[in-house]
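Let me begin by presenting the structure, written as C-alpha cells, before commenting on it.
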Amino acid sequence: MLNLVEYASDPRLVPLGCAVPSPELLAAGRLDQFLARAARVKGVEYNVYTAPGGDAALRQEICRRALRWGQSWSPEDVVITCGCIEALTLALKAVARSGDTIAIESPTYFGLLHVLEALGLKALELPTDAQHGVDLAALARALDGKSVSACLFASSFNNPLGCTMPDTRKLELLQLLTKHRVTLIEDDIFGDIYFGAERPKPFGALEPAADTIYCSSFSKTIAPGYRIGWLAAGRHRQAVLLQKLASTLATPALTQAALTDFLSCGGYDSHLRRIRRVFAGNIDRMTRAIERCFPAGTRVSRPAGGFVLWVELPGPVDTRVLFGEAVKLGICFAPGDVFSASDRYRHCLRLSCGYGWDERIEEGIETIGALAAGHAEVTRAPVRGFPRGPCNGFRST
Ligand SMILES: Cc1ncc(COP(=O)(O)O)c(C=O)c1O
C-alpha cells in the first residue's frame, strides 16, 4: 500500500490513482489567506495545544452545517481530529479491542484495511454492490453467527464503488444493529460531493437514537493538507477523547482557525457547488472514454457523487500486473486488490476523476484501456447501457 500511496502522489505520473482533487480544483487560495492572516495576527495565540475536543468555534461551524442534513449536534458532541483517518481510528479504538471483528463493506477504502490491521482487528468483508450497498442478508447472518464488535460503513458514495444505500435500507440496517447492540461507525467523507438535488442523509440523521459514530473530514473537498477531520461519537465521546489524548493529543490550532473563518464567511458552499459540477463532468467524460477504449465486457460504476470510478475488467487479467505496466508508461491508477483484505478484485481497478479533464488524462485512460485489451483478448461489442438507479449501477462496454 505504501508503494501505491507514493506513486499516487508522484506528480510525474498521470494522476488517476489517488482519490484527492487536484490543487487547482481545491482552490484553497482563500483558505490560505485566512491561514496567513491567522498566523500574522494571532500566531502566538494559536501556537498552543487546543482542548482535545478541538477548536470550539470550528465545532460550532460543523454543527451548523450538520443541521442542514438533519443532524442536531451540540459543539460538545464533536471532536476535531487529524483527518478522517484519525476519526475512524479513534472510533474503532473506542468500541473494539485487538482481536475483535469489524464488519466492513467489500470492496472498501484501503486505508481502512490498513487501520484495522494496525489495530489488530479482524475485517469481516460483507458483499457490497454498486446498486444496493451492503448485503443486508449477509450482515444479518454475520450478526447472528459471529461476534461482530462494530460495523464500519460509508454513509454515502463508498470508496471505491461510489454506492449509497437508499434511506429505507439504511433504516433496515440500523434496526438490525440495534437488535444486536452493535455500534455503527459511519464514514461520510464524500457526503458533500453529491450530484443530485439533495445531499444523502447519514445513518445517524435518519435515526438519531441509533448507536452511531459519525466520521468525516475536509480532505476531499478543500484541504487534504490541513489534516482536519471530526467525529460525533454519541455515547462513546468520553472513550474517544481518551483515545485522542493517547493519539495526537490535540489537532493543530492554526489550521482549525483558518477553516473556521473560511466556513463562517460562506466561501465553502460556492466552492462545493463548483467542484460538484466539475466532478460530475469528469465522471461523464471518463465513463465515455472507458466505453470507447476498454475491452468489451468491461463494467464501470455509475456513481451519483464522489469522484472515483470502479472498473471491472473481463477476461483473465490481473490489475497488479497492469498497474506495473501502466506505471512504467507514466500512469497511475489503483489496482483492485488493495480494496480487499482477502486478495479479491484482482480483475478490477479504481480510477480517480479528481483532476480537471485534459489530454493527458484522456491519453492515460486510452493507454490503460489498450493495456487491458491486450490482457483480456476479447473483441469489442456494442455498448450496453444500464439506467441510473436510485443509487447507482454499472454500465457495460
Ligand atoms: C473513504 C475514505 N475515508 C477516509 C479517508 C481518509 O481521509 P483523511 O485524508 O481526511 O484522513 C479517505 C481518504 O482517501 C477515504 O477515501
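The values are calculated or read from the model by the stated rules, or taken from the named source; none is laboratory data. Treat the numbers as computed from the prediction; the structure is a model and nothing was measured. Every residue, glycine among them, receives a Cβ derived from its backbone with ideal geometry; neighbour counts consider all protein chains shown. Heads up: the accessible areas ignore ligands, DNA and RNA and are worked out on the full protein's heavy atoms, side chains in. Shrake-Rupley method; radii C 1.70, N 1.55, O 1.52, S 1.80 Å.
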What are the ³J(HN,Hα) values, in whole Hz, obtained from phi via the Karplus relation 6.51 cos²θ - 1.76 cosθ + 1.60 with θ = phi - 60°, for each residue of region 242-251 in sequence order, with x given for Gly and Pro? 5, 5, 4, 4, 8, 9, 10, 6, 8, 9
Compute the helix-to-body angle for 56-68: its Cα long axis versus the longest principal axis of the chain, expressed 0 to 90° and rounded to tens. 50 degrees
With 20 Å bins from zero, work out the P(r) of the chain over every alpha carbon pair and list the percent per bin. 28, 58, 13, 0
Rolling a 1.4 angstrom probe over the protein chains, ignoring ligands and nucleic acids, what is the accessible area of I189 in square angstrom, nearest 10? 30 Å²
R0 = 30 Å: FRET efficiency of K328 with R288, Cβ-based, nearest 0.05? 0.70
Write out the trypsin sites (Lys or Arg not before Pro) in region 1-64 meeting two conditions: DSSP loop, and at most 16 other Cβ atoms within 10 Å of their Cβ. R12
Check which residues have an amide H placed less than 5 Å from V308's amide H, if you skip close sequence neighbours. C353
Give a quick list of trypsin sites (Lys or Arg not before Pro) in region 166-250 that DSSP marks as loop, anything other than H, G, I, E or B, with at most 16 other Cβ atoms within 10 Å. R181
As a test of the formula, what do you get for the chain when each DSSP H run with n ≥ 4 contributes -39,500 (n - 2.57) and the sum is divided by the residue count, at 222 nm and rounded to the nearest 500 deg cm²/dmol? -13500 deg cm²/dmol
Mean separation of Cα contacts under 8 Å (6+ apart) over length of the chain, as relative contact order %: 24 percent
Using a 1.4 angstrom probe and counting only protein chains, how large is the accessible area of D358 in Å², to 10? 70 Å²
Additional length obtainable on full extension of the chain from R40 to R12, 0.36 nm per residue less Cα span: 6.6 nm
Once amide H atoms are placed 1.01 Å from N in the peptide plane, what residues at a sequence separation of 5 or more from K122, or on another chain, have their amide H within under 5 Å of its amide H? G99, D100, T101, I102
Under a Gaussian network model of the chain whose springs join Cα atoms within less than 10 Å, the largest fluctuation of S155, S264, S219 belongs to S264
Taking only the alpha-carbon positions of region 28-265 and ignoring solvent, what does the Debye formula give for the base-10 log of I(q)/I(0) at q = 0.08, 0.09, 0.10, 0.17 Å⁻¹? -0.29, -0.36, -0.45, -1.25
Can you give the % of DSSP beta bridges in the chain that are antiparallel, to the nearest 5? 55 percent
Folded to 0 to 90 degrees: helix 167-180 orientation relative to the chain principal axis, Cα: 60 degrees
Using alpha-carbon coordinates, inclination of helix 319-328 to the longest axis of the chain, degrees: 90 degrees
Heavy-atom accessible area per residue, the chain, 1.4 Å probe: how many Å²? 41 Å²
Long-range HN-HN contacts of T50 with modeled amide H, under 5 Å: T251, A253
Modelled label reach - L136, point 7 Å along Cα→Cβ, region 187-206 residues with backbone N closer than 17 Å: 201-206
Output wanted: per-residue J couplings in Hz (rounded whole) for region 189-199, from phi through Karplus 6.51 cos²θ - 1.76 cosθ + 1.60, θ = phi - 60°, x for Gly and Pro. 4, 9, x, 7, 9, 10, 9, x, 6, 10, 6
Under Karplus coefficients 6.51, -1.76 and 1.60, residue-wise ³J(HN,Hα) of region 337-346 in Hz, glycine/proline x: 5, 6, 8, 9, 8, 10, 6, 8, 6, 5
Quick one: grab Rg to one decimal and Dmax as a whole number for region 14-60, Cα atoms only, in Å. 15.2, 42
State the answer as a single residue: which of V317, A197, A27 lies farthest towards the positive end of the charge dipole of the chain, with beta carbon charges of +1 for Lys and Arg and -1 for Asp and Glu, about the Cα centre. A197
